[in-house]
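Q: Here you go, one structure.
The values are calculated or read from the model by the stated rules, or taken from the named source; none is laboratory data. Please read these numbers as outputs of a predicted model, since none were measured by experiment. Cβ: placed from backbone, ideal geometry, glycine included. Neighbour counts: every protein chain shown.
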Amino acid sequence: MSEKPSYHMTPAEFRRLGRQVVDWIADYYERIESFPVLAQVEPGQIRASLPPAPPLQGEPFETFLDDVERLILPGITHWQSPNFFAFFPANASGPAILGELLSAGLGVQGMLWTTSPACTELETHVLDWFADMLGLPARFKSTGTGGGVIQDSASSASLCALLAARERATGYQTNESGVQGRLVAYASNQVHSSVEKAVKIAGLGRQNLRLIEVDEQFAMRPEVLARQIAEDRRAGLIPCFVCATIGTTSSGAVDPVPEIGRICREEGLWLHVDAAMAGTAAICPEFRFIHDGLEQADSYCTNPHKWMFTNFDCDCFFVADRAALIQTLSILPEYLRNRATESGAVIDYRDWQIPLGRRFRALKLWFVIRYYGIEGLRYHIRRHIALAQEFARWVEASDQFELVVRPLLNLVCFRHVGGDEVSRELMERLNRSGKLYLSHTVLDGRFTLRFCVGQTYTEAQHVARAWQQIQETAAAL
Ligand code: PLP
């Protein structure tokens with residue numbers, strides 16, 4: 001009788017095929033500029049090319065990479081292309097990708113300290129490093145009253161912050177205290193949509209999110225915030241949470257955290273600071289001023305998966321008082337009980353996030369910080385900012401285009417003097433060309449082009465070519 005096949009990939013096969021995959025990725029980076037940055041496919045096109053049913057018998061792995069090439073690559077928007085200037089970047093790097101591979105290889109699920117102590121302790125340690133790199137106040141470190149945790153996204157970080165704020169405001173009795181419908185959250189009208197989502201998920205209700213007016217730089221007006229809080233209190237409502245943004249999505253505006261923080265302290269409100277992309281800049285001492293006022297914040301997040309060469313997903317979320325977060329999110333069913341947890345001597349990160357399970361994300365962040373070093377990271381951040389500033393000067397000097405706001409860091413907001421329709425048509429033509437990818441927003445009711453420099457391999461020549469392309473396409477409109 002013949003032996004049954006195991007169906008598994010053996011370690012020897014893994015070694016051989018894994019090398020092919022790593023080679024494929026290295027080749028991909030070498031030829032990435034040959035692809036249109038924005039995928040040029042119609043809705044449903046990729047799916048229509050896939051087999052209608054899964055295979056009954058396993059297939060040889062050798063065919064998989066050919067299929068990725070043939071079926072998948074046409075539907076990829078190349079976020080790692082140096083000609084990617086849309087949204088905010090989601091940049092990656094060799095050390096991060098290798099860290100991610102190792103994380104998959106170890107296959108650790110780090111919900112509890114005991115389910116992989118190194119997963120927890122490396123995360124705590126690297127986030128303390130990162131707090132120092134960003135110049136965060138000492139209370140955000142695990143050696144103080146707080147600490148950091150890696151979340152999947154800034155959206156999850158905002159939700160965790162809002163939940164902790166809600167619970168702190170109700171003595172951790174939201175469900176029993178009968179305050180539903182009266183808790184209020186505040187953010188500027190430029191806040192990222194994830195905060196609106198968090199307000200819905202946390203049960204405050206969209207009607208209890210106050211979107212505070214901004215000034216001409218699109219930054220929150222603190223006096224309007226103070227007035228709104230007072231008005232809400234008079235109406236019998238319970239203000240509990242403010243989200244300030246450092247580097248808004250639309251225009252890169254920085255809310256005045258020192259003033260907002262003072263109001264939050266006086267009013268006893270939780271202040272969360274969302275620095276999803278811009279926070280990375282604070283690694284450079286000359287840009288650290290963006291963190292002014294953080295000593296008054298209760299929580300803070302930034303995403304190395306945006307601008308710090310750490311492939312998605314990696315959001316670093318810091319709290320000043322870890323007890324508030326843990327009390328909000330902790331439950332302990334019998335099947336998770338263990339001696340280490342009960343000793344109180346360990347961190348169980350499942351109490352710091354929404355899901356129970358968690359990936360070993362700290363490896364890739366550790367690899368990035370070690371590979372580049374602080375100086376290497378500063379070099380690239382400065383380079384990106386300088387390139388964006390140069391682009392802004394070209395815009396300013398042109399009589400075809402105008403700057404919408406003076407860029408602080410690496411995001412340039414500009415428009416064609418011909419008006420909204422011209423700017424929109426220009427963006428669509430540029431993106432259809434495949435030569436670069438940029439995105440848009442609306443500021444002061446007007447269509448605005450966004451050009452963000454933050455892709456790992458973007459060099460001066462890519463920015464110069466993009467500007468040339470923009471001018472030539474505009475001239476042909
Ligand atoms: N906050 C800001 C300021 C952002 O710009 C973004 C995304 O661009 C987010 C939050 C959401 O980020 P994530 O995808 O990590 O949830």
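Q: Just one of 46, 32, 72, 76 is in contact with a Gly (Cβ under 8 Å, 6 or more places away or on another chain) and within 25 Å of residue 431 (Cβ to Cβ); which is it?
A: The unique qualifying residue is 46.
Q: Is it the case that the stretch 323-333 has a residue that's more than 19 Å from the chain's Cα centre (by Cα), in contact (Cβ under 8 Å) with a residue 40 or more places away in the chain and farther than 30 Å from residue 357 by Cβ?
A: Within the stretch 323-333, not a single residue is more than 19 Å from the chain's Cα centre (by Cα), in contact (Cβ under 8 Å) with a residue 40 or more places away in the chain and farther than 30 Å from residue 357 by Cβ.
Q: Looking at (1) more than 26 Å from residue 315 (Cα to Cα); (2) buried (at least 20 other Cβ atoms within 10 Å of the Cβ); (3) within 16 Å of the ligand (Cβ to nearest atom), can you tell me which one residue 160 breaks?
A: It is condition (1) that residue 160 fails.
Q: Turning to a different aspect of this structure: Within the stretch 252-271, count every residue that is within 15 Å of the ligand (Cβ to nearest atom) and acidic (Asp, Glu).
A: 1
Q: Collect the residues in the stretch 194-230 that are away from the ligand (no atom under 16 Å from the Cβ), loosely packed, with under 15 Cβ neighbours inside 10 Å and of a type in the set (Lys, Arg), keeping them in residue-number order.
A: 206, 227, listed by residue number.
Q: Would you check which residues across the stretch 87-104 are among the small types (Gly, Ala, Ser) and either assigned by TED's automatic domain parsing to the domain that holds residue 17 or more than 19 Å from residue 33 (Cα to Cα) (or both) and list them?
A: Across the stretch 87-104, the qualifying residues are 96, 99, 103, 104.
Q: Follow-up. Find the helices (runs of 4 or more DSSP H) located wholly in the stretch 1-87 whose residues include 3 or more that are surrounded by 10 or more Cβ atoms within 10 Å (Cβ to Cβ) and among the β-branched types (Val, Ile, Thr), and list them.
A: By residue number, 11-31.
Q: With (1) among the aliphatic types (A, V, I, L, M); (2) without any contact (Cβ under 8 Å) to a residue 24 or more places away in the chain; (3) surrounded by fewer than 14 Cβ atoms within 10 Å (Cβ to Cβ) as the list, and residue 477 as the residue in question, which single condition is left unmet?
A: (2)
Q: Pick out the one residue from 41, 68, 37 that is closer than 30 Å to residue 253 by Cβ and outside the structural domain of residue 458 (by TED's automatic domain parsing).
A: 37
Residue by residue, here is whether (1) farther than 20 Å from residue 85 by Cβ; (2) within 25 Å of the chain's Cα centre (by Cα); (3) not in a loop (DSSP other than H, G, I, E, B) holds:
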position: 356; (1), (2), (3): yes, yes, no
position: 380; (1), (2), (3): no, yes, yes
position: 389; (1), (2), (3): no, yes, yes
position: 425; (1), (2), (3): no, no, yes
position: 451; (1), (2), (3): no, yes, yes
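Q: Out of 90, 96, report the one residue that is within 16 Å of the ligand (Cβ to nearest atom), within 15 Å of residue 456 (Cβ to Cβ) and not in a loop (DSSP other than H, G, I, E, B).
A: Among 90, 96, only 96 is within 16 Å of the ligand (Cβ to nearest atom), within 15 Å of residue 456 (Cβ to Cβ) and not in a loop (DSSP other than H, G, I, E, B).
Q: Working only within the stretch 113-156, note down all residues that are over 22 Å from the mean Cα position of the chain (by Cα) and either within 16 Å of the ligand (Cβ to nearest atom) or closer than 21 Å to residue 289 by Cα (or both).
A: 138, 139
Q: Of the residues 320, 397, 345, which single one is over 22 Å from the mean Cα position of the chain (by Cα) and assigned by TED's automatic domain parsing to the domain that holds residue 172?
A: The unique qualifying residue is 345.
Q: Return the total of residues in the stretch 164-193 being within 13 Å of the ligand (Cβ to nearest atom), small (Gly, Ala, Ser) and touching a residue at least 60 places away in the same chain (Cβ under 8 Å).
A: Qualifying residue count for the region: 1.
Q: Does residue 246 qualify as being within 13 Å of the ligand (Cβ to nearest atom), at pLDDT 95 or above and crowded, with 24+ Cβ neighbours inside 10 Å?
A: So residue 246 passes the test.
Q: Suppose we keep only residues that are buried (at least 24 other Cβ atoms within 10 Å of the Cβ) and of a type in the set (S, T, N, Q) within the stretch 294-312. Which one would you say is farthest from the chain's Cα centre (by Cα)?
A: Taking the candidates together, the pick is 299.
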